[in-house]
Amino acid sequence: MKINHFVVDTNVMVSALLFKQSIPFQAIRIAEKGTFLYSESTLAELREVLNRRKFDKYLKIEERQKFLVKFVDTSRHILIQETISICRDANSNSHFKTFVL
């Protein structure tokens, strides 16, 4: 049986967490049928963004931390083998990398 793997942009993940009726939330629900992949750099970015005080008005920090723990527990950590530059946004390029499963 083929397993689908997904790498999700931090902005999509945060939007899905904050807005349950959003398109990002719907996309995450579909992707949950597969396996999310993350690297140390993508996890660090997600952690940093979720800890921003501006999100306090939407979710308590404890809820965001709980989400992060669940994400790690239900996702697969991958090791980066090579960086690929395919985005106009240099910051996003740091997350597009090749890896070995």
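With a cap of 11 neighbouring Cβ atoms within 10 Å, and only residues DSSP puts in a loop, list the trypsin sites (Lys or Arg not before Pro) found in the range 2-51.
Numbers: sites: LYS2, LYS20, ARG29, LYS33, ARG47; in loops: LYS2, LYS20, LYS33.
Hits after loop and neighbour filter: LYS2, LYS20, LYS33.
Over the heavy atoms of LEU79, what accessible area does a 1.4 Å probe trace out, to the nearest 10 Å²?
The accessible area comes out at roughly 110 Å².
Check which residues have an amide H placed less than 5 Å from HIS5's amide H, if you skip close sequence neighbours.
The answer is THR35.
Can you give me the % of accessible surface on the range 1-66 that is carbon or sulfur? Probe 1.4 Å, all protein chains present, nothing else counted. Mind dumping the intermediate values first?
Numbers: 2500 of 4630 Å².
Using a 1.4 Å probe with all protein chains present, the range 1-66 comes out at 54 percent carbon and sulfur.
Going down the list LYS2/LYS66; LYS33/LYS60; LYS33/LYS54; LYS20/LYS60, which pairs span over 22 Å between their C-alpha atoms?
Working: LYS2/LYS66 29 Å; LYS33/LYS60 27 Å; LYS33/LYS54 31 Å; LYS20/LYS60 16 Å.
Too far apart for the 22 Å limit: LYS2/LYS66; LYS33/LYS60; LYS33/LYS54.
Out of PHE71, TYR58, LEU43, whose Cα points farthest toward the positive end of the dipole of the range 42-85 (charges: +1 Lys, Arg; -1 Asp, Glu; placed on Cβ)?
Farthest towards the positive pole: TYR58.
Could you calculate the FRET efficiency of TYR58 with ARG88 from 1/(1 + (r/R0)^6), where r is the beta carbon distance between them and R0 is 35 Å, rounded to 0.05? Don't skip to the answer; put the middle values down first.
Values: r = 29 Å, r/R0 = 0.82.
Efficiency at R0 = 35 Å is approximately 0.75.
Which value, in Å², gives the accessible area per residue of the range 9-55 when a 1.4 Å probe is used on the protein heavy atoms?
Working: 2790 Å² over 47 residues.
Each residue of the range 9-55 exposes 59 Å² on average to a 1.4 Å probe.
The values are calculated or read from the model by the stated rules, or taken from the named source; none is laboratory data. All figures in this text were calculated on a predicted structure; none of them were measured in a lab. Virtual Cβ from ideal backbone geometry, glycine too; neighbours counted across all protein chains shown. Areas reflect the complete protein model, heavy atoms only, side chains present, ligands, DNA and RNA absent. Shrake-Rupley method; radii C 1.70, N 1.55, O 1.52, S 1.80 Å.
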